[in-house]
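The values are calculated or read from the model by the stated rules, or taken from the named source; none is laboratory data. None of the values given here were measured: they were computed from a predicted structure. Using ideal geometry, Cβ is built from the backbone for each residue, glycine included, and neighbour counts are taken over all protein chains shown.
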Amino acid sequence: MPEISVVIPAYNVDKVLCKRAVDSILSQTFRDFEVLVVDDTAADESEFYKSFGDDRLKYIHNDSRLGLAQSRNKAMSMASGKYIAFMDADDYSCPTRFQKQFDFMEQNRTVDVLGTFYTANGKKIRLPVADSDIRFRLVFYDGAILMPTVMARAETIRRYGLQFPDSPVEDYEFYLSAVAAATFANLPAVLLNKIDHANSISVQKGGKLIRDASFAAQRKWQERLIGAPFDWRHRRSFTVDDWTAYHRQVADLQTRFPDLNDKYKRRYFNKIFRYIVRHTVRETNFRRGLMKSDLPFWFKIDQFFKEQKK
């Protein structure tokens with residue numbers, strides 16, 4: 001039984017990019033793994049995948065179109081590894097990715113889902129590292145963990161029946177279903193290069209479709225986490241009463257994330273604060289009073305938190 005099962009969904013892939021992606025997996029310094037490519041394309045591409053000449057690579061062709069989520073689920077059901085790693089057919093992993101993730105998971109037995117930093121078309125993307133920071137950022141659907149970088153414990157996935165739902169944001173919904181069962185982490189090292197192009201999954205899904213689906217998923221997450229939607233980003237105007245309600249929700253989030261990094265927390269509450277002040281249009285005097293102040297926004301946030309403790 002291999003230590004790692006690598007899940008790669010494929011659909012109408014660019015063969016040049018796909019070859020680079022698969023080569024980046026097969027050339028990993030960590031060698032004990034299997035690769036499960038689930039192809040959702042109508043044509044059988046088995047000869048292309050046989051050309052890699054590696055017995056660790058297993059090609060599964062869907063008889064009918066299943067979609068991204070069900071293709072991933074199919075591969076997970078066939079996986080025999082202790083860990084399940086995810087990858088897209090047009091990205092490519094750094095040679096030491098599996099070794100570093102495997103070592104981390106072996107040394108940190110409480111972590112169930114592990115992502116990494118990555119580059120997106122050459123730009124380095126840093127993500128929150130600690131579990132509490134990742135959970136907090138997920139509240140805002142703001143890129144807390146990237147699925148093609150993830151390595152997860154197969155035992156956790158099977159014990160809690162974690163699956164990808166049919167959704168434009170199936171990865172976010174997967175995290176949502178895992179929140180009650182899993183502990184998250186990100187390795188602070190760039191171990192994947194993400195490529196966005198005309199045929200990539202993220203581009204094909206479409207901006208509006210993803211936004212609408214992510215808002216719906218986000219509200220479900222918020223219902224589970226704080227008991228009510230924290231939908232500041234979905235609104236275009238706020239009254240003083242809304243502002244007061246927002247303050248109460250922020251205070252509640254403070255108590256629910258006591259281990260959250262203070263600098264990180266301040267930055268995100270600051271972002272929300274600025275958004276709401278910009279959109280408090282119905283109470284112009286209230287808005288003008290806030291905007292005239294020359295105090296830094298983070299100081300206002302700190303003052304609010306202190307007042308809540310009195």
Out of ASP40, ASP44, ASP54, ASP32, sole residue that is at pLDDT below 95, in contact with a helix residue (DSSP H, G or I) (Cβ under 9 Å, 6 or more places away or on another chain), assigned by TED's automatic domain parsing to the domain that holds MET78 and at negative phi:
ASP40
Scan the strands (runs of 3 or more DSSP E) fully inside region 14-107 and keep the ones with 2 or more residues being acidic (Asp, Glu) and either buried (at least 18 other Cβ atoms within 10 Å of the Cβ) or touching a Phe, Trp or Tyr at 6+ places or on another chain (Cβ under 6 Å) (or both).
33-39
Does at least one position in region 136-144 carry a residue that is aromatic (Phe, Trp, Tyr), more than 22 Å from MET78 (Cβ to Cβ) and either assigned to a helix (DSSP H, G or I) or not assigned by TED's automatic domain parsing to the domain that holds VAL37 (or both)?
yes
May I ask you to list the residues in region 56-73 that are under 23 Å from LYS19 (Cβ atoms) and out of contact with any Pro (no Cβ under 8 Å at 6 or more places or on another chain)?
LEU57, LYS58, TYR59, ILE60, HIS61, ASN62
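Looking at LEU114, LEU127, LEU146 in this structure, which one is crowded, with 18+ Cβ neighbours inside 10 Å, in contact (Cβ under 8 Å) with a residue 24 or more places away in the chain and over 23 Å from GLU3 (Cβ atoms)?
Working: LEU114 fails: over 23 Å from GLU3 (Cβ atoms); LEU146 fails: over 23 Å from GLU3 (Cβ atoms).
Every option except LEU127 fails the conditions.
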